[in-house]
């Protein structure tokens, strides 16, 4: 299952809004913790190790 | 100067006794000399002696040292002990456990059950103080000795110098009656993590240092806790250790282990009053207990570049060191012994070339790397090394309360399992459409037969195991090769699942350490001979 980088979320603006809303009212520490939990939950959903490695590489970008 | 260790012993097992060789100006020669009578040295000695290869074990002490030290012994260790004739006392004395409980702060995160697979003679783990293991191995040694097996152990014999040339090793040995010299075809250095022999030979032992101190307190108490492994991340204590462990041993002894961090005052922390303060806060109020053994340890994950240096072979902690999380220290050392003894035996008897000893390094260094990898990962989880690693660690622990997927990521030590020697030069053909777990290189899993268990029937020499077929035609070979044909009644569902899978029949060539060398649906004698040659590092014809 290759990493999907083409648009795949039907409602990108709505999702982005919901993502930020999930962080509303949180301190930096709480937001960091939420992000970490979210990454772990999404990673488990993907499951496929090769796809996860591609996602990590994509996230690291050209830096 | 006092020669040899004189620290307090749990069991005096081999008191110093002068031997005639000490007074003889001409050095006595030995086939195999083992330095160190810990579990690894003793197991290697027992294995060699049972095969008829003479062995002398030297130790600077007179018995099993004080303190529980290693306490978790895995199934594979019990299987090896069974082959050495010392399994029963370990099972009788050890505490069997299967359940673990993980806490984070005040909350229980989850429980796990090792769910040991059925159809094995041995449990997944027993807890037992290391001095008992050493005592039971020495008890077995005395039985063999009485039967005339070529094995001897000498206490308070301290090796002070080692040198080797093309055909032998020379050891300078000090005793309470003065020094003497001995020579040997081969020396096994099983003298522990600080290995004086490794130091004397100037060999490096590099790896990663973990900047952390752990306090062990073994206490004797009548406690209502179940026989489970309890592990706390960030236990809710004012004394604020980063982690804590509670685990049962025989004789009402409990192991308590506190992770203290790096910048500590060791002397202050070891004061009994300070230790009691920590334990009082940890145990339910009013619990009465005695301090039996306390120690502060640090650890490194490291191994030698080469486990073999010509005629000197390193085994156990002398060759590799891991963190205690996962019980991969003593258990992997016993697997070193298991791997080395049969190879040395065949080489010394002229049945295999010297190159077979090189495969000891090849197989066991790969196993050490696997253990170091597992141990390092556990340690990184226990002690997050950066802010972000702590954020993820805590996220895993938080999620684990409600979500099973995160429990798989909680790592308080991945418990020791034996290494499969994938890629070993000794592996032969895999010509069976059989289960992956019994591919060449695998340690044979136990399985129930019509009566008794498979591993007990395999013994300690090369074995041609026929399953679901008549006895095969065996090749003529110099190397002892047993043939074992299971009766139809022995083909229990567990045995079929582990050795046949979908295949109707199988032939397995099994090494003396009960690892699979090769397997086939069927094989002609010359094919079997080729696999046996491969498994013993014989040059290609």
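For the peptides B:186-193, B:209-216, the ranking by mean Cβ contacts within 10 Å, running from highest to lowest, is B:186-193, B:209-216. Which whole-angstrom value gives the distance between the alpha carbon centres of region B:244-300 and region B:51-126? Rounded to whole Å, the Cα centres lie 22 Å apart. Restricting the calculation to Cα atoms, region B:81-204 shows an Rg/Rh of 1.13 when the hydrodynamic-style radius is the Kirkwood one. Counting only alpha carbon atoms, the long axis of helix A:49-60 and the longest principal axis of chain A meet at about 60°. Rounded to the nearest 10 degrees, the inclination of helix A:28-46 to the longest alpha-carbon principal axis of chain A is 30 degrees. The separation of region B:460-512 from region B:159-211, counted between C-alpha centres, amounts to 41 Å.
For chain B, the Kirkwood hydrodynamic radius from C-alpha pairs, put into Stokes-Einstein at 37 °C and a viscosity of 0.692 mPa s, yields a diffusion coefficient of 133 µm² per second.
What is the Cα radius of gyration of region B:261-375 over 2.2 N^0.38 Å, N being its residue count?
On the way: Rg = 20.4 Å, N = 115, 2.2 N^0.38 = 13.4 Å.
Normalised by 2.2 N^0.38 Å, the Cα Rg of region B:261-375 equals 1.53.
Listed from fewest to most Cβ neighbours within 10 Å, the set B:62, B:476, B:281 follows the order B:476, B:281, B:62.
What's the FRET efficiency of residue A:20 with residue A:43 using the Cβ-Cβ distance as r and R₀ = 25 Å, to the nearest 0.05? That gives a FRET efficiency of 0.75. Stokes-Einstein, applied to the Kirkwood radius of the protein assembly as shown over Cα pairs at a viscosity of 0.692 mPa s and 37 °C, places its translational diffusion at 124 µm² s⁻¹. Determine which residues of region B:220-261 fall in the zone a paramagnetic label at residue B:276 would reach in this model, i.e. backbone nitrogen under 11 Å from the point 7 Å along Cα→Cβ. It comes to no residues whatsoever.
If the viscosity is 0.890 mPa s and the temperature 25 °C, what Stokes-Einstein diffusion coefficient in µm²/s follows for region B:207-301 when Rh is the Kirkwood radius over Cα pairs? Estimated diffusion coefficient is 178 µm²/s. Binning the alpha carbon pair distances of region B:381-421 at 5 angstrom intervals from zero yields the distribution 6, 22, 22, 20, 13, 9, 7, 1, expressed in whole percent.
Please report B:77, B:287 as a ranked list, fewest other C-beta atoms within 10 angstrom at the top and most at the bottom. Provide the component values of the computation, followed by the final result.
Working: B:77 31, B:287 15.
Fewest-to-most ranking of B:77, B:287: B:287, B:77.
With contacts taken as Cα pairs under 8 Å and at least 6 residues apart, region B:207-301 reaches a relative contact order of 45 percent. Inter-part distance, region A:1-54 to region B:439-455, computed on C-alpha centroids, equals 46 Å.
By the gyration tensor of its Cα atoms, with a ≥ b ≥ c the square roots of the eigenvalues, what is the shape of chain A: rounded for a/c under 1.5, prolate for a/b over b/c, or oblate? Intermediate values should be presented prior to the final figure.
On the way: a/c = 1.92, a/b = 1.44, b/c = 1.34.
Prolate is the answer for chain A, as a/c is 1.5 or above and a/b outweighs b/c.
Normalised by the number of residues in region B:430-535, the average gap of Cα pairs under 8 Å and 6 or more apart makes the relative contact order 37 percent. Extending 7 Å from Cα along the Cβ direction at residue A:6 and again at residue B:298 yields two label points whose distance is 5.6 nm. Here the contact order of chain B, divided by its residue count and restricted to Cα pairs under 8 Å and six or more residues apart, works out to 14 percent. By the count of neighbouring beta-carbon atoms within 10 Å, fewest first, B:84, B:449 end up ordered B:449, B:84. With all pairs of separate Cα atoms included, region B:430-535 yields a Kirkwood hydrodynamic radius of 13.4 Å.
No lab work stands behind these numbers, since they all come straight from the coordinates. The model shown is predicted, which means the values in this text are computed figures rather than measured ones. We place every Cβ from the backbone using ideal geometry, glycine too, and count neighbours over all the protein chains shown.
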